[in-house]
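The values are calculated or read from the model by the stated rules, or taken from the named source; none is laboratory data. Remember, predicted model here, so these are calculated numbers, not experimental data. Because the Cβ atoms are built from the backbone with ideal geometry, glycine has one as well, and the counts that use them run over all protein chains shown. Accessible surface areas use protein heavy atoms only, side chains included; no ligands, DNA or RNA. Shrake-Rupley method; radii C 1.70, N 1.55, O 1.52, S 1.80 Å.
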2 protein chains.
Amino acid sequence: MRPQKVLDNEILDGLSQVFRSKGYNGASLKDLSDATGLKKASLYHRFPNGKKEMADAVLNHIQSWVEERVFFELLNEENSPNIRLKKGLNEIRILYNGGKEICIFRALSLQSGLELFANEINNGMQKWVSTFESLGLSFGLTPTEAKNEATRTLIKIQGSLIVSKGLNNIEVFENALQEIEMTYSKF
Amino acid sequence: MRPQKVLDNEILDGLSQVFRSKGYNGASLKDLSDATGLKKASLYHRFPNGKKEMADAVLNHIQSWVEERVFFELLNEENSPNIRLKKGLNEIRILYNGGKEICIFRALSLQSGLELFANEINNGMQKWVSTFESLGLSFGLTPTEAKNEATRTLIKIQGSLIVSKGLNNIEVFENALQEIEMTYSKF
DNA sequence: ATTATGTTACCGAACGTTTGGTAAAATTGA
DNA sequence: TCAATTTTACCAAACGTTCGGTAACATAAT
């Protein structure tokens, strides 16, 4: 039998899991191989430029997910701002598994020497800001207020993920999401 | 000349810098050797248990700094709550170099396999929470309010560090510190 | 329909390098 | 001389990466 092709999504999910839980340096080719079910050499067949290319693929994979799920709901003009926010926050809940998983930006932001993924992370975060900025405008905020509130929201999400993990208490994350919802709904 | 003993503080500062900028896995013994001016084997003379012991020492080193500087100011009964907060936030500014440096917890929270520093990080964060909790009580908050506000404050600090770095804009960090000051001073 | 050729998907084994770590010797001050 | 400190030289293991090869499929000329 010809070796059955491992599905791209299964590979990307496996790689994502490893990079997110161990970071870039912590993720060994052995780990990535085990998580995907592909031997090291096969990984190099799919990703000729090695580990860096795998991490880039993961970054794109997750970014696409975020755009199709989180950003889509937050910007979906068929819904009212309140519903948009509620649905968007729900996707964020899924993205971070209720506070148990960490952000891929954080996992890839620390590695030896040069900042390998600084550009990708910067672009990704800008998109988060401008998405919440749009939502703020829909809630009737001024452009300045909308931008500030968007930044504050990002801070709450990222900060609560860290504190949740540090205190080993996912309530912190859930509370932060609810605070975000309350804050916007008062506008 | 006898090989001059490198001062403990210089060693710890060097180690801190490497671990904070590269994380645990990203910090190689070569990096640590270069940063301290000690050859690998000399590092093993000071830290017989190797890299893990070095990182533990860094964690204690920074934790001591935080307690002597940050927590001291935040809890200093000679000052009013407002002054305490102002001085404490200033120490935090120094600790994170105005938003340019990241938290040691974050740097050491991601490494292969088991969570090597989970306990230390957990204890450290608890202390941050209870310190701000005390401050909240001094501001006249109820115990529940004080605890919630302490958590919110930690989230702002940690979150703004991440977003600052991601957006490459240290204003985000500075704004967060000022928001913390404003929030408490309204109580 | 058969054959030849090329492509796709995978894997075992090995590559050179770097890793964290150590034993023994050199260097110094006391 | 002695003990403390640093260094040179070295090691096994793990690292990311590459190579050579196999088996199944696709294409298309015969």
Return the ratio Rg/(2.2 N^0.38 Å) for the protein assembly as shown, where Rg is computed over Cα atoms only. 1.05
In degrees, nearest ten, helix B:171-185 long axis to first principal axis of chain B (Cα): 40
Can you list, bin by bin at 10 Å, the percent of alpha carbon pairs in chain A, starting at 0? 9, 33, 32, 18, 7, 1, 0
Taking a label point 7 Å out from Cα toward Cβ, give me the nm distances from A:ASN90 to the same spot in the other copies, shortest first, one decimal. 5.0
Given a 1.4 Å probe and the protein chains all in place, what does the accessible area of A:TYR44 round to, in Å² to the nearest 10? 100
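Would you mind computing the Rg to Rh ratio of segment A:34-122 from its alpha-carbon coordinates, Kirkwood style for Rh? Can you show the working numbers first?
Working: Rg = 16.3 Å, Rh = 15.2 Å.
My calculation of the ratio gives 1.08.
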Inter-copy distances for A:LYS5, nm, shortest first, label points 7 Å along Cα→Cβ, are 6.6
Taking the protein assembly as shown and counting helices only, DSSP H stretches of n ≥ 4 at -39,500 (n - 2.57) each over all residues, the nearest-500 ellipticity at 222 nm comes to -23000 deg cm²/dmol
Among all the aspartates and glutamates, which ones have a C-alpha under 19 Å from B:LYS40's C-alpha, if same-chain residues fewer than 8 places away are not counted? B:ASP8, B:GLU10, B:ASP13, B:ASP31, B:GLU53, B:ASP56
What do you get for the angle between helix A:143-167 and the principal long axis of chain A? Use alpha-carbon atoms, 0 to 90 degrees, nearest ten. 50
Taking B:LYS186 as the anchor, which lysines have their alpha carbon closer than 20 Å to its alpha carbon, excluding any fewer than eight residues away along the same chain? A:LYS186, B:LYS86, B:LYS87, B:LYS147, B:LYS156
Burial of 40 Å² or greater, segment B:139-170 residues [accessible area, probe 1.4 Å, versus chain by itself]: B:ILE155, B:ILE162, B:VAL163, B:GLY166, B:LEU167
For A:GLU174, inter-copy label-point distances (7 Å, Cα→Cβ), nm, shortest first, read 3.9
Once B and A are treated as a pair rather than alone, how much accessible area drops out, both sides summed, in Å² to 100, probe 1.4 Å? 2700
Hey, can you find the accessible area per residue of segment A:94-166 for me, probe 1.4 Å, expressed in square angstrom? 37
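For segment B:125-187, which trypsin sites (Lys or Arg not before Pro) pass both filters: DSSP loop (anything but H, G, I, E, B) and at most 12 other C-beta atoms within 10 Å? Let's see the in-between values first.
Details: sites: B:LYS127, B:LYS147, B:ARG152, B:LYS156, B:LYS165, B:LYS186; in loops: B:LYS186.
Qualifying residues, ordered by number: B:LYS186.
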Sites matching GluC sites (Glu not before Pro) across segment B:28-116 that sit in DSSP coil, with at most 12 neighbouring C-beta atoms within 10 Å: B:GLU77, B:GLU78
Angle between chain B longest axis and helix B:118-138 axis [Cα atoms, degrees, rounded to 10]: 30
For chains A and B related by rotation, which residue of A has the Cβ nearest the axis, and what is the rounded distance in Å? A:GLY159, 1
Which value, in debye to the nearest 20, gives the size of the charge dipole of the protein assembly as shown about its Cα centre, when Lys and Arg are +1 and Asp and Glu are -1 at the Cβ? 1160
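To two decimal places, what compactness ratio does segment B:26-70 give when its Cα radius of gyration is scaled by 2.2 N^0.38 Å? Intermediate values should be presented prior to the final figure.
Details: Rg = 11.8 Å, N = 45, 2.2 N^0.38 = 9.3 Å.
Segment B:26-70 yields a ratio of 1.26.
Tell me, what % of the accessible area of chain A is carbon and sulfur with a 1.4 angstrom probe? Intermediate results must be reported in sequence, preceding the final value.
Working: 4560 of 9200 Å².
Result for chain A: 50 percent of the exposed heavy-atom area is carbon or sulfur.
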The equivalent-ellipsoid semi-axes of segment B:94-187, taken as the square roots of five times the Cα gyration tensor eigenvalues and listed largest first in whole Å, are 24, 19, 9
Could you work out how far the C-alpha centroid of segment B:115-137 sits from that of segment A:145-168, in angstrom? 18
Magnitude of the Cβ-charge dipole (Lys and Arg +1, Asp and Glu -1) of chain A about the Cα centre, nearest 20 debye, reported as 620
